[in-house]
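*Asks:* Got a structure for you, questions after.
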Amino acid sequence: MEPLLHPIICFMGPSTSGKTFISEKIFQKNQKIITTTTRQKRPRERHGKDYYFLSKEEFLNLKSNDAFLETDEYAGFYYGTQKKEVFNKTQNKPAFAIVTVPGFYHLEKKLYPLVPVYLKINEATLLKRLKRRHLSEAEENIRLSIFKKELKQLDQLKKDFPHLIVQDNCGDPKRTIYQLKEKLALYL
């Protein structure tokens, strides 16, 4: 296990839980560990700012060259955390990352300190927020199926990491941001 100079605050949660929005309101943009993905850019997303968008071939090439600390597949796309990104961002101050639960488990075996944060929503909130993304019915059903599996992952996370910060984000995001800033004050 490799020590970091400063911790990584790892934001987890289901699709539409607000991981990106909330984390970017709490931390400075230059503290974000940018994830690499094979999914398509959404409107307003920028390469190198929101994600590193790569083809599947480019991603798998980096993976075979041991460039990632962790990788995961979510909704048919690859996601990963590059080593160089982590060590650059944690050099001078705490950083934050948006990861899947399996991704967190992989990071936790390789690095410390990590601070796990889980943004929790209910099924009604998920469905309401998915509608805003204008996904196909098939894509919505995939996300709903994944959501149900993620609820079980949260139960296991709570058992494995008693210091896990669980924050409800079904209501007003301003309230969520305020509450998380209180809980994460040591790292801000």
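*Asks:* Given 43, 102, 113, which one is open to solvent by 10 Å² or more (accessible area, probe 1.4 Å) and part of a strand (DSSP E or B)?
*Replies:* The unique qualifying residue is 113.
*Asks:* Applying the selection to region 88-99, what residues are out of contact with any His (no Cβ under 6 Å at 6 or more places or on another chain) and surrounded by fewer than 17 Cβ atoms within 10 Å (Cβ to Cβ)?
*Replies:* Narrowing region 88-99 to residues out of contact with any His (no Cβ under 6 Å at 6 or more places or on another chain): 88-89, 91-92, 95-99.
88, 91, 92 - these are the residues of region 88-99 that are out of contact with any His (no Cβ under 6 Å at 6 or more places or on another chain) and surrounded by fewer than 17 Cβ atoms within 10 Å (Cβ to Cβ).
*Asks:* Out of all the residues in region 31-40, which are assigned to a loop (DSSP other than H, G, I, E, B) and surrounded by 11 or more Cβ atoms within 10 Å (Cβ to Cβ)?
*Replies:* Selection gives 34, 38, 39.
*Asks:* Let me ask something else. Of a type in the set (Asp, Glu), in contact with a helix residue (DSSP H, G or I) (Cβ under 9 Å, 6 or more places away or on another chain), touching a residue at least 40 places away in the same chain (Cβ under 8 Å) and surrounded by 15 or more Cβ atoms within 10 Å (Cβ to Cβ), is that true of residue 85?
*Replies:* no
*Asks:* Being closer than 28 Å to residue 175 by Cα, hydrophobic (A, V, I, L, M, F, W, C) and under 18 Å from the mean Cα position of the chain (by Cα) narrows it down to one of 97, 75, 124, so name that one.
*Replies:* 97
Rundown of residues vs (1) on the phi < 0 side of the Ramachandran plot; (2) touching a residue at least 24 places away in the same chain (Cβ under 8 Å); (3) in contact with a strand residue (DSSP E or B) (Cβ under 6 Å, 6 or more places away or on another chain); (4) not polar (S, T, N, Q), yes/no style:
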{"position": "38", "(1), (2), (3), (4)": "yes, yes, yes, no"}
{"position": "44", "(1), (2), (3), (4)": "no, no, no, yes"}
{"position": "59", "(1), (2), (3), (4)": "yes, no, yes, yes"}
{"position": "70", "(1), (2), (3), (4)": "yes, yes, yes, yes"}
{"position": "73", "(1), (2), (3), (4)": "yes, no, no, yes"}
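*Asks:* Something else now. Given 13, 80, 18, 48, which one is buried (at least 18 other Cβ atoms within 10 Å of the Cβ) and more than 22 Å from residue 165 (Cα to Cα)?
*Replies:* From the options 13, 80, 18, 48, the qualifying one is 80.
*Asks:* Just the residues that are modelled with pLDDT under 95 and either open to solvent by 30 Å² or more (accessible area, probe 1.4 Å) or not in a strand (DSSP E or B) (or both), please, taken from region 51-70.
*Replies:* 51
Condition check ((1) open to solvent by less than 90 Å² (accessible area, probe 1.4 Å); (2) touching a residue at least 12 places away in the same chain (Cβ under 8 Å); (3) in contact with a Ser or Thr (Cβ under 6 Å, 6 or more places away or on another chain); (4) assigned to a strand (DSSP E or B)) across all residues:
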position: 119; (1), (2), (3), (4): yes, yes, yes, yes
position: 138; (1), (2), (3), (4): yes, no, no, no
position: 146; (1), (2), (3), (4): yes, yes, no, no
position: 149; (1), (2), (3), (4): no, no, no, no
position: 153; (1), (2), (3), (4): yes, yes, no, no
position: 158; (1), (2), (3), (4): no, no, no, no
position: 171; (1), (2), (3), (4): yes, no, no, no
position: 176; (1), (2), (3), (4): yes, yes, no, no
position: 181; (1), (2), (3), (4): yes, yes, no, no
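*Asks:* Do we find that residue 128 is modelled with pLDDT under 90, open to solvent by 80 Å² or more (accessible area, probe 1.4 Å) and in a helix (DSSP H, G or I) in this structure? Don't jump to the end; show me each part of the working.
*Replies:* Values: modelled with pLDDT under 90: yes; open to solvent by 80 Å² or more (accessible area, probe 1.4 Å): yes; in a helix (DSSP H, G or I): yes.
Judged against the criteria, residue 128 is a match.
The values are calculated or read from the model by the stated rules, or taken from the named source; none is laboratory data. A quick note: this is a predicted structure, and the numbers were derived from the prediction, not measured. FYI the Cβ positions are ideal-geometry reconstructions off the backbone, even for glycines, and counts take in every protein chain you see. Side chains included, ligands, DNA and RNA excluded: accessible areas come from the protein's heavy atoms. Shrake-Rupley method; radii C 1.70, N 1.55, O 1.52, S 1.80 Å.
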